[in-house]
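Single-structure report; data block below.
The values are calculated or read from the model by the stated rules, or taken from the named source; none is laboratory data. Owing to the predicted nature of the structure, the values given are computational and were not obtained by experimental measurement. Cβ sites come from the backbone with ideal geometry, for glycine too, and all protein chains shown count toward neighbours. These accessible areas exclude ligands, DNA and RNA; they are computed on the full protein's heavy atoms, side chains included. Shrake-Rupley method; radii C 1.70, N 1.55, O 1.52, S 1.80 Å.
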Amino acid sequence: MMPLIPAEPYPFDFEPAACALLIIDMQRDFLEPGGFGESLGNDVNQLRRAIAPTRHLLEAMRSAALTIIHTREGHRPDLADLPPAKLKRGNPSLRIGDEAAMGRLLVRGEPGHDIIPELYPIAGEPVIDKPGKGAFYATDLDAILKHRGIRQLIVCGVTTEVCVNTTVREANDRGFDCLVLEDCVGSYFPEFQEMGLKMIKAQGGIFGWVGRSEAVVAVLRAAR
Ligand code: TIU
């Protein structure tokens, strides 16, 4: 019997064999200067505080042999999967596919598109390349989770109100229970960080639960 993980709006009934860690879009393009996130006018330092707790949790999850899945947002080098609306939106000076400090912005295979070195995947950890904000849209994530008998997701990554919220909503409608870790998700906007988490746990956990990484690590340690 695993203990419950303290969370809001009420404790999360953790089933390790049916639970995966999902790390969303911890890419250089969002977390390092000169990437896509900065090209949209954002301060990447707002996101970097999520790196250390996520790394600590990732190590604990690897030791406990849980399923770990990483995602990356990005597009084919020929941009054939890029909606024209996404390319044009915001009228930025730099667009998806343009050359920047870490290669072409948000394009698969470019240095900026890859996961930050601190959280780099190891062998056996699937990496899902997604063209949208949600990790289920136009990907094989749902099939990979179902083939492994996964019913619960512990969710980390960026950004809280964009790709994390979209993915949690998609997961909720597909029948997954999601626990989002507030210290392991980040937003460029402090007010969206707060409200993005409140939206998940309000109304009795309308989309899922919100907790902290220390609580998950403590439960994993106690089970050893
Ligand atoms: N702009 C922003 O907040 N986020 C994104 O564009 N993608 C993700 O959240 N991954």
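Using only the alpha carbon atoms of the stretch 22-80, find the Kirkwood hydrodynamic radius as the inverse mean reciprocal pair distance, in angstroms to one decimal. Walk me through the numbers before you get to the answer.
On the way: mean 1/r = 0.0764 Å⁻¹.
Computed over Cα pairs of the stretch 22-80, the Kirkwood hydrodynamic radius comes out at 13.1 Å.
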>> Given a 1.4 Å probe and heavy atoms of the protein chains only, how would you sort Thr160, Thr166, largest accessible area at the top?
In response: Thr166, Thr160
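Counting Lys and Arg as +1 and Asp and Glu as -1, each charge on the Cβ, what is the dipole of the chain about the Cα centre in debye, to the nearest 20?
Numbers: 25 positive and 30 negative charges, 56 e Å.
With Lys and Arg at +1 and Asp and Glu at -1, about 260 debye.
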> Counting Lys +1, Arg +1, Asp -1, Glu -1, what net charge surrounds Ala52 among other residues with beta carbon under 15 Å of its beta carbon?
Replying inline: -1
> How large is ³J(HN,Hα) for each residue in the stretch 93-98, as worked out from phi by the Karplus curve 6.51 cos²θ - 1.76 cosθ + 1.60 (θ = phi - 60°), to whole Hz, x for Gly and Pro?
Replying inline: 6, 10, 10, 3, x, 6
> What is the magnitude of the charge dipole of the stretch 1-118 about its Cα centre, with +1 placed on the Cβ of each Lys and Arg, -1 on the Cβ of each Asp and Glu, and no other charges, expressed in debye to the nearest 20?
Replying inline: 220
>> At a threshold of 8 angstrom on Cα-Cα distance, excluding pairs fewer than six apart, so keeping six or more, what relative contact order does the chain reach in percent?
In response: 28
>> Can you list residues from other chains, or at least 5 along the same chain, whose modelled amide H is less than 5 Å from the amide H of Trp209?
In response: Cys178, Leu179, Val180
> Which of Ala100, Leu58, Pro33 sits closest to the plus end of the dipole of the stretch 28-110, meaning its Cα is farthest towards the positive end, when Lys and Arg get +1 and Asp and Glu get -1 on the C-beta?
Replying inline: Leu58
>> Given 37 °C and 0.692 mPa s, compute D for the chain with the Stokes-Einstein relation, Rh being the Kirkwood radius over Cα pairs; round to the nearest whole µm²/s.
In response: 187
>> Among Ser213, Phe14, Ile122, whose Cα projects farthest towards the positive end of the dipole of the chain, with charges put on the beta-carbon of Lys, Arg (+1) and Asp, Glu (-1)?
In response: Phe14
>> If each DSSP helix of 4+ residues adds -39,500 (n - 2.57) and the sum is divided by the residues in the chain, what number results at 222 nm, nearest 500 deg cm²/dmol?
In response: -8500 deg cm²/dmol
> Using alpha-carbon positions, what is the distance between the centroids of the stretch 150-219 and the stretch 1-55, in Å?
Replying inline: 8
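Can you tell me what the convex hull of the Cα atoms of the stretch 51-155 projects to on average, as an area in nm²?
Numbers: hull surface 31.6 nm².
The number I arrive at for the stretch 51-155 is 7.9 nm².
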> In nm, to one decimal, how far is the modelled label at Ala123 from the one at Glu99, with both set 7 Å along Cα→Cβ?
Replying inline: 3.7
>> Distance cut-off 25 Å, Cα to Cα: go down the list Lys88/Lys130; Lys86/Lys201; Lys86/Lys198; Lys88/Lys198 and report the pairs above it.
In response: Lys86/Lys201; Lys86/Lys198; Lys88/Lys198
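Could you tell me what percent of the DSSP beta bridges with both partners in the stretch 1-138 are antiparallel, to the nearest 5?
On the way: 4 of 14 bridges.
So the antiparallel bridges amount to about 30 percent of the total.
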>> Give me log10 I(q)/I(0) at q = 0.20 Å⁻¹ for the stretch 151-224, Debye formula, one equal scatterer per alpha-carbon, no solvent.
In response: -0.79
>> I need two numbers for the stretch 1-122: Rg to one decimal and Dmax as a whole number, Cα atoms only, in Å.
In response: 17.3, 54
> Which whole-number percent gives the relative contact order of the stretch 176-224, counting Cα pairs below 8 Å spaced six or more residues apart?
Replying inline: 44
